[in-house]
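Novice: A single structure is presented below for examination.
The values are calculated or read from the model by the stated rules, or taken from the named source; none is laboratory data. Remember, predicted model here, so these are calculated numbers, not experimental data. Cβ sites come from the backbone with ideal geometry, for glycine too, and all protein chains shown count toward neighbours.
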Amino acid sequence: MVVAHATAVLLKRIVRRPRPDDARIQVLVSTPSQLSFPSAHAASTTAAAVAYGPLLAVGRVAPASVVATMAGSRLVLGVHFPSDVAIGVLVGWAVAVSMRRART
């Protein structure tokens, strides 16, 4: 989770895409920065779901629902574009799978 989060934060600082700014969207939470791409929340949540899902023997449905809930919440809260969340999920998945493969 830490590696996925750190990777997302590093990508944010490289890409420097600003968060959505539209008067029709009410932002419902504060954010640590004005940078949007990719979603570090989506990355770390996906990494946790991929890493811990098999350990908890909950199958694939529960981790997928956790990821979908977090990803959707970032959009509903108005702090990310859909592509920010999608790439955040991919970053989290890639980090978790890479770490799992490196361990075996």
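Novice: When you scan the stretch 4-25, do you find a residue that is within 22 Å of Ser98 (Cβ to Cβ), out of contact with any strand residue (DSSP E or B) (no Cβ under 9 Å at 6 or more places or on another chain) and either part of a loop (DSSP other than H, G, I, E, B) or among the hydroxyl-bearing types (Ser, Thr, Tyr) (or both), even just one?
Specialist: First, the residues of the stretch 4-25 that are within 22 Å of Ser98 (Cβ to Cβ): 4-15.
Applying the additional criterion that residues be out of contact with any strand residue (DSSP E or B) (no Cβ under 9 Å at 6 or more places or on another chain) yields 4-8, 10-11, 14.
Adding the requirement that they be either part of a loop (DSSP other than H, G, I, E, B) or among the hydroxyl-bearing types (Ser, Thr, Tyr) (or both) leaves 7.
Yes, the conditions are met somewhere in the stretch 4-25.
Novice: Next question, about the same structure. Would you be able to tell me the number of residues in the stretch 52-104 that are of a type outside the set (Lys, Arg), exposed (fewer than 15 other Cβ atoms within 10 Å of the Cβ) and part of a loop (DSSP other than H, G, I, E, B)?
Specialist: 7
Novice: Kindly evaluate Gly53 against the criterion of being on the phi < 0 side of the Ramachandran plot, small (Gly, Ala, Ser) and in contact with a Pro (Cβ under 6 Å, 6 or more places away or on another chain).
Specialist: Values: on the phi < 0 side of the Ramachandran plot: yes; small (Gly, Ala, Ser): yes; in contact with a Pro (Cβ under 6 Å, 6 or more places away or on another chain): yes.
It is true that Gly53 is on the phi < 0 side of the Ramachandran plot, small (Gly, Ala, Ser) and in contact with a Pro (Cβ under 6 Å, 6 or more places away or on another chain).
Novice: Let me ask something additional. Counting just the residues of the stretch 1-49 that are among the aliphatic types (A, V, I, L, M) and buried (at least 22 other Cβ atoms within 10 Å of the Cβ), which one comes out nearest to Thr69 (Cα to Cα)?
Specialist: Residues of the stretch 1-49 among the aliphatic types (A, V, I, L, M): 1-4, 6, 8-11, 14-15, 23, 25, 27-29, 35, 40, 42-43, 47-49.
The next check asks that each one be buried (at least 22 other Cβ atoms within 10 Å of the Cβ); those that pass are 4, 8, 40, 42-43, 47, 49.
Values: Ala4: 18, Ala8: 19, Ala40: 14, Ala42: 9, Ala43: 13, Ala47: 14, Ala49: 12 Å.
For the stretch 1-49, the residue satisfying everything is Ala42.
Novice: Return the residues of the stretch 10-28 that are more than 13 Å from Asp84 (Cβ to Cβ) and under 16 Å from the mean Cα position of the chain (by Cα); say none if nothing qualifies.
Specialist: First pass over the stretch 10-28, keeping only residues more than 13 Å from Asp84 (Cβ to Cβ): 10, 13-14, 21-28.
Of everything in the stretch 10-28, those that are more than 13 Å from Asp84 (Cβ to Cβ) and under 16 Å from the mean Cα position of the chain (by Cα) turn out to be Leu10, Arg13.
Novice: Now for a separate question. I'm told Ser39 meets every condition in (1) under 16 Å from Ala96 (Cβ atoms); (2) touching a Pro at 6+ places or on another chain (Cβ under 9 Å); (3) modelled with pLDDT of 85 or more except one. Can you identify the failing condition by its number?
Specialist: (2)
Novice: Kindly evaluate Val29 against the criterion of being in contact (Cβ under 8 Å) with a residue 40 or more places away in the chain, in contact with a Leu (Cβ under 8 Å, 6 or more places away or on another chain) and assigned to a helix (DSSP H, G or I).
Specialist: Details: in contact (Cβ under 8 Å) with a residue 40 or more places away in the chain: yes; in contact with a Leu (Cβ under 8 Å, 6 or more places away or on another chain): yes; assigned to a helix (DSSP H, G or I): no.
Here the answer is no, as Val29 does not meet what is asked.
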